[in-house]
1. Sticking with the crude label model, points 7 Å out along Cα→Cβ, report the distance from K118 to D41 in nm, one decimal please.
2. To the nearest 10 square angstrom, what accessible area does E122 show with a 1.4 Å probe?
3. Contour minus end-to-end for R32 and V90, with contour as 0.36 nm per residue of separation and end-to-end as the Cα-Cα distance?
4. Just by accessible area at a 1.4 angstrom probe, what is the order of Y62, Y123 from largest to smallest?
5. Which trypsin sites (Lys or Arg not before Pro) in the range 24-103 sit in a loop by DSSP (not H, G, I, E or B) and have at most 15 other Cβ atoms within 10 Å of their own Cβ?
6. Give the long-range amide H neighbours of Q91: residues separated by 5 or more places, or on another chain, with amide H under 5 Å away, using H modelled in the peptide plane at 1.01 Å from N.
7. By accessible area of protein heavy atoms, probe 1.4 Å, what ranking do V95, V134 get, highest first?
Amino acid sequence: MRRVTLIDEDDTCSGALALDLTDEIPPLVRVRRWAGWALSDLTDDELGDCLLVVTELVANAYDHGEEPRRVRLHRSVEPCSVRIEVDDGVQGEVVLGRSRLGPHRGRGLVMVANLSAKWGVEYQEQGKTVWAEVPCAAPPLVGRD
């Protein structure tokens, strides 16, 4: 089994943390642990929403995409939000509520849409990025009256 590699993209001024996903099967437990660590200052509800969104997007990248795969987390302060992005190497259409894998699948993106302020797909020359923005409460102001 190949390892998930942590990449700190701050040197590119993107303010993102990223994981290259090179395993043959989705490393969902490791992705959730990493995202939980990176987002540990969120409330339990906000963290739960983010973990569900990252799990669904990564699972979809393995079910419907192919390598190269990468997940990125971007934090915004004003307004407070977490942008979760997952890349894969297939340009295939992303359809809300339907799956080519059978009639009992296809609910993951519906959950992502319900938990996110907005979500979407960006197509590149070779592949796509599926993203979602999950709102969070503004961090408390420290040292202010």
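1. About 2.5 nm separates the two model spin labels.
2. Spelled out: E122, probe radius 1.4 Å, area about 80 Å².
3. Result for the pair: 18.6 nm of gain on full extension.
4. On the way: Y62 25, Y123 110 Å².
So, going from the largest accessible area down, we get Y123, Y62.
5. Values: sites: R30, R32, R33, R69, R70, R72, R75, R83, R98, R100; in loops: R98, R100.
Of the trypsin sites (Lys or Arg not before Pro), the ones in loops of the range 24-103 whose Cβ has at most 15 other Cβ atoms within 10 Å are R98, R100.
6. Answer set, sorted by chain and number: G127.
7. Values: V95 40, V134 0 Å².
Heavy-atom accessible area, descending, gives V95, V134.
The values are calculated or read from the model by the stated rules, or taken from the named source; none is laboratory data. Note that the structure is predicted; figures quoted are calculated from it, not measured. All Cβ positions, even for glycine, are placed from backbone atoms using ideal geometry, and neighbour counts span all protein chains on display. For accessibility, only protein heavy atoms count, side chains too; no ligands or nucleic acids. Shrake-Rupley method; radii C 1.70, N 1.55, O 1.52, S 1.80 Å.
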